[in-house]
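Throughout, read-outs are computed from the coordinates displayed, never taken from laboratory work. Please read all numbers here as calculations on a predicted model, not as lab measurements. Backbone-built Cβ (ideal geometry, glycine too); neighbour counts: all protein chains shown.
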Amino acid sequence: MSLRLLQLYRLIPLTQLMQIQWIEAGERSVILRAPLSVNHNDKGTAFAGSLSALLQVAGWELWRNWLNQELGMGFAVAATECRIRYQHPVVSDFTVEAHLPDVYGCAQLRDKLQRHHKTRIISHLQVGDDEGTKVRADVVYALYALPALQQTAP
């Protein structure tokens, strides 16, 4: 088990109960997977709450890692809005992918955060199972400086 996954389990205990697994955790993307066996509803399909949680956690982890790499530990991320479109039932283990915008978009975000200490970003995420994409979501994340950094910033 990777150190990053253990940290995720510690920071968001629900992820351990969901048995979330890392598929990919690069500098520009995060791919997480969850088993249907512990994330199903009464119909035997994926529970909507589990799908929502996995979507939000993937984006949160992507932006948290980016903030730490680009600006250090003085910044945080929080999901503030989520619009989910359940297009088809998820009938097997499911995966979510989160990707950073292009390098130019990331540079603009970094500059805005350095100037204003906060910004918002929309991540377009999707969940798929063995049959393809089933759920799409737009999640708004707030990226912001922690209070100690705001007080010491010039």
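Seen from ASN39, the other residues with C-beta closer than 12 Å to its C-beta sum to a net charge of -1, counting Lys and Arg as +1 and Asp and Glu as -1.
Placing +1 on the Cβ of every Lys and Arg and -1 on the Cβ of every Asp and Glu, with no other charges, gives the chain a dipole of roughly 500 debye about its Cα centre. Take the Cβ atoms of GLU27 and ASP111, set R0 to 25 Å, and the FRET efficiency comes out at 0.85. Each residue of segment 78-90 is assigned a 3J(HN,Hα), and the resulting list reads 8, 6, 10, 8, 8, 10, 10, 10, 8, 8, 8, x, 8 Hz, derived from the Karplus form 6.51 cos²θ - 1.76 cosθ + 1.60 (θ = phi - 60°), x at Gly and Pro. The mean sequence distance of close C-alpha pairs (under 8 Å, at least 6 residues apart), as a share of the length of segment 3-152, puts its relative contact order at 24 percent. Judged by the ratio a/c of the largest to the smallest principal axis of the C-alpha gyration tensor, the chain counts as prolate, that ratio being 1.5 or greater while a/b is larger than b/c. Seen from SER29, the other residues with C-beta closer than 14 Å to its C-beta sum to a net charge of -1, counting Lys and Arg as +1 and Asp and Glu as -1. A Förster radius of 30 Å, combined with the Cβ-Cβ distance separating GLN87 from GLN16, puts the computed FRET efficiency at roughly 0.60. What does the charge add up to near VAL90, with Lys and Arg as +1, Asp and Glu as -1, over the other residues with Cβ less than 10 Å from its Cβ? It works out to a net charge of -3.
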